[in-house]
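Here's the structure we're looking at; comments come further down.
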Ligand SMILES: *Cc1c(COP(=O)(O)O)cnc(C)c1O
């Protein structure tokens with residue numbers, strides 16, 4: 001409890017050993033509040049509901065600070081000074097922000113469907129921004145080619161194993177914040193599938209270390225009905241994800257070919273969870289309900 005309340009709180013369980021790299025990135029990332037949500041819970045008929053509020057993470061106000069901090073720390077550990085990423089928005093903002101602070105040059109590749117303001121935010125943070133023709137999955141393919149041709153490190157492609165480990169920190173924090181009593185259920189939105197699959201991994205590590213009894217915690221995932229390849233596979237009891245062409249206003253979740261989809265299916269199956277989806281109007285209604293009941 002006396003440790004710094006940031007992404008490095010559980011440093012022994014993370015793949016970065018260089019303390020100087022740790023000191024240069026993520027000092028204000030992660031360790032977000034777990035908010036008791038009684039008013040939203042009452043609306044939904046749930047008596048013990050909490051919200052893990054990653055919108056208060058620094059510097060970029062989303063869970064992507066956790067994962068990108070790990071990629072940039074790895075980059076610094078290797079003594080490199082340039083990083084790229086492919087983004088539907090939040091990864092790009094996290095890369096641009098964390099790279100600016102660490103003195104790293106950032107190159108953000110984003111699909112042309114992205115909202116203009118998100119790209120402008122990255123430019124204001126000093127990143128070079130490149131718009132790629134097509135949707136996220138097409139941009140992702142082009143970035144693999146760029147990585148191969150130039151040797152540029154990509155936060156969520158070439159550095160992906162480090163990126164993914166950062167997502168575990170949310171699981172560690174949730175259990176610690178509940179006094180080491182793992183919750184019955186965790187529900188999260190899924191896009192590429194990194195967060196949900198690594199919550200599963202993080203819970204597993206706490207169990208292995210004897211820090212908490214986490215085996216009975218179920219993990220459930222939600223997707224927009226216009227981009228629900230993981231949820232549909234879970235519902236149809238298939239072991240593989242069939243890629244789709246995204247058609248949803250939830251741009252942060254519009255990944256039609258999710259790289260970690262099979263890991264999510266595995267996590268949900270092993271833990272007895274479920275997959276579900278919501279239409280865009282239902283998503284907007286959910287945003288309004290959250291705002292009106294919890295002020296978020
Ligand atoms: C990235 C993201 C997620 C989860 O994405 P994964 O790729 O599945 O880890 C959920 N919500 C928001 C707002 C996001 O930006």
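The numbers here are math on the coordinates, done by the rules we state, and not lab data. Just so it is clear, the structure is predicted and the values come from calculations on it, not from any experiment. Here the Cβ positions follow ideal geometry from the backbone for every residue, glycine too, while neighbour counts run over all protein chains shown.
Annotations for the structure displayed:
- Of the peptides 91-99, 173-181, 23-31, the ranking by mean beta-carbon count within 10 Å, highest at the top, reads 91-99, 23-31, 173-181.
- A protection proxy built from the mean count of other Cβ atoms within 10 Å ranks the segments 73-83, 116-126, 225-235, most packed first, as 225-235, 73-83, 116-126.
- Sorted largest first, the spans of the alpha carbon positions of region 93-169 along the three principal axes are 30, 26, 25 Å.
- Overall form of region 137-281 per C-alpha gyration tensor (a/c, 1.5; a/b vs b/c): oblate
- Peptides 244-252, 208-216 ranked from most to least packed by the mean count of surrounding Cβ atoms within 10 Å: 244-252, 208-216.
- Alpha carbon Rg of region 51-113, scaled by the compact-globule rule 2.2 N^0.38 Å: 1.09
- Fully extending the segment from residue 249 to residue 2 would add 84.7 nm, taking 0.36 nm per residue of separation and subtracting the current Cα-Cα distance.
- Between residue 284 and residue 142, the FRET efficiency estimated from the beta carbon spacing at R0 = 35 angstrom works out to 0.65.
- Region 157-226 shape via C-alpha gyration tensor axes, a/c threshold 1.5: oblate
- Gyration tensor (alpha-carbon) shape descriptor, region 237-294, a/c threshold 1.5: oblate
- Estimated D of the chain in µm² per second, where Rh is the Kirkwood radius over Cα pairs and Stokes-Einstein applies at 37 °C, 0.692 mPa s: 169
- Spacing of the modelled spin labels on residue 238 and residue 216, each 7 Å from Cα toward Cβ, amounts to 3.4 nm.
- The helix-only estimate of mean residue ellipticity at 222 nm for the chain, built from DSSP H runs of length n ≥ 4 each weighted as -39500 (n - 2.57), is -13000 deg cm²/dmol after division by the residue total.
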